[in-house]
Structures are given as structure tokens and as C-alpha cells.
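Student: For reference, the structure I am asking about is given below.
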Amino acid sequence: MRQFLSTLALAGFVISAGGSAQADMFEKAKIMAGEAIYKEECRRCHAPDTEHASYGPSLENVIGRGAGTVPGYDYSIALEASGIVWTEAALRAWMEDNTGFLPGTKMRHVGIADRTVQDFILAYLRSITTRDGSAISE
């Protein structure tokens, strides 16, 4: 949590500085904050890559991926049949209230309603998405 607060302070400094180089610094600060939040809120179930074991599916390359498509994970029927593509808007809705967004999902979740926190997590998820974003499933 201390790292997260330091990152937020850095982000505030970068915002006030302005300019292109500062915009890059701000994006890096958002990614760092997102990673810290991810470790607190998401990592207990989701690895950020396929090289590490996790209870839930890896979130590497999640943006642009079809929901319920990671091989070897036992998804709920509701998620597999949903046709959802993990766009940033869909991920934001999922973070806020996954059971409201998709009734029948088996994922237990405490909602993340704060849009700024969602922005940070999304910045981190973008950083671990290496494909061009045009894919809709794997």
C-alpha cells in the first residue's frame, strides 16, 4: 500500500508538470499504481502471465480477448456462452459489479466502483496486453 500511495503522489506531480514527456511519465505512473492495486485486489486469483499458476485464468492479453476462452480453465456456462469481448468498457463494468454484469458467473468479487482505481487497473492490464487489440478471441 505504501508503494501505491507513493505512485499516486508521483502521478499528481506529473499531472501538474504537463508536456509530452510528462504524459509518458504519467502513463508509467498509472501503470505502476495499477500494478500495485492489481497485486492487492486481483493477484490472489489471477496471474499477470501464463508462466505463473493461479486459481483463475491469467489476465495476460485480456484486452480484446473473448470471455471464457483461456484453454484449460473451467469457466461458468454463463461466461463461456456470453459472447463478451474484454474491451476496456466491459472490464470496467466487470470490475464494478461482475455478478450484475453477468449473472451466473462463478467468480466471487468485491466491486471496484472508483473509476480512478479502475483507470489504474486498466492501465496495468493494457501494459500486459501485447497483441494489437484487434483479436476478439483466442
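The values are calculated or read from the model by the stated rules, or taken from the named source; none is laboratory data. Remember, predicted model here, so these are calculated numbers, not experimental data. Positions of Cβ are generated from backbone atoms using ideal geometry, with glycine treated the same way; all protein chains shown enter the neighbour counts.
Student: Looking only at segment 77-123, filter to residues that are of a type in the set (Phe, Trp, Tyr) and without any contact (Cβ under 8 Å) to a residue 24 or more places away in the chain; which one of those is nearest to residue 26 (Cα to Cα)?
Tutor: Going through segment 77-123, the residues of a type in the set (Phe, Trp, Tyr) turn out to be 86, 94, 101, 120.
Checking the rest, the ones that are also without any contact (Cβ under 8 Å) to a residue 24 or more places away in the chain come to 94, 101.
Values: 94: 25, 101: 30 Å.
Selected residue: 94.
Student: If you don't mind, another one. Being assigned to a helix (DSSP H, G or I), more than 15 Å from the chain's Cα centre (by Cα) and either farther than 29 Å from residue 26 by Cβ or in contact (Cβ under 8 Å) with a residue 12 or more places away in the chain (or both), is that true of even one residue in segment 53-73? Working first, answer last.
Tutor: Here is the first cut: in segment 53-73, the ones assigned to a helix (DSSP H, G or I) are none.
Checked against the condition, which is being assigned to a helix (DSSP H, G or I), more than 15 Å from the chain's Cα centre (by Cα) and either farther than 29 Å from residue 26 by Cβ or in contact (Cβ under 8 Å) with a residue 12 or more places away in the chain (or both), segment 53-73 yields no hits at all.
Student: Mind checking which residues of segment 93-120 are within 17 Å of residue 39 (Cα to Cα) and either in contact with a Pro (Cβ under 8 Å, 6 or more places away or on another chain) or basic (Lys, Arg) (or both)?
Tutor: Hit for segment 93-120 is 108, nothing else.
Student: Please determine whether any residue of segment 27-39 is surrounded by fewer than 16 Cβ atoms within 10 Å (Cβ to Cβ), modelled with pLDDT under 90, more than 18 Å from residue 128 (Cβ to Cβ) and out of contact with any strand residue (DSSP E or B) (no Cβ under 9 Å at 6 or more places or on another chain).
Tutor: Scanning segment 27-39, I find no residue that is surrounded by fewer than 16 Cβ atoms within 10 Å (Cβ to Cβ), modelled with pLDDT under 90, more than 18 Å from residue 128 (Cβ to Cβ) and out of contact with any strand residue (DSSP E or B) (no Cβ under 9 Å at 6 or more places or on another chain), so the answer is no.
Student: Right, something else. Pick out the one residue from 21, 47, 33 that is more than 30 Å from residue 103 (Cβ to Cβ) and free of Cβ contacts under 8 Å to residues at least 40 places away in the same chain. Can you show your working first?
Tutor: On the way: 47 fails: more than 30 Å from residue 103 (Cβ to Cβ); 33 fails: free of Cβ contacts under 8 Å to residues at least 40 places away in the same chain.
Answer to the check: 21.
Per-residue answers, yes or no, for (1) assigned to a loop (DSSP other than H, G, I, E, B); (2) closer than 16 Å to residue 57 by Cα; (3) in contact with a helix residue (DSSP H, G or I) (Cβ under 7 Å, 6 or more places away or on another chain); (4) modelled with pLDDT under 95:
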| site | (1), (2), (3), (4) |
| --- | --- |
| 92 | no, no, yes, no |
| 105 | yes, yes, yes, yes |
| 108 | yes, yes, no, yes |
| 121 | no, no, yes, no |
| 130 | yes, no, no, yes |
| 138 | yes, yes, no, yes |
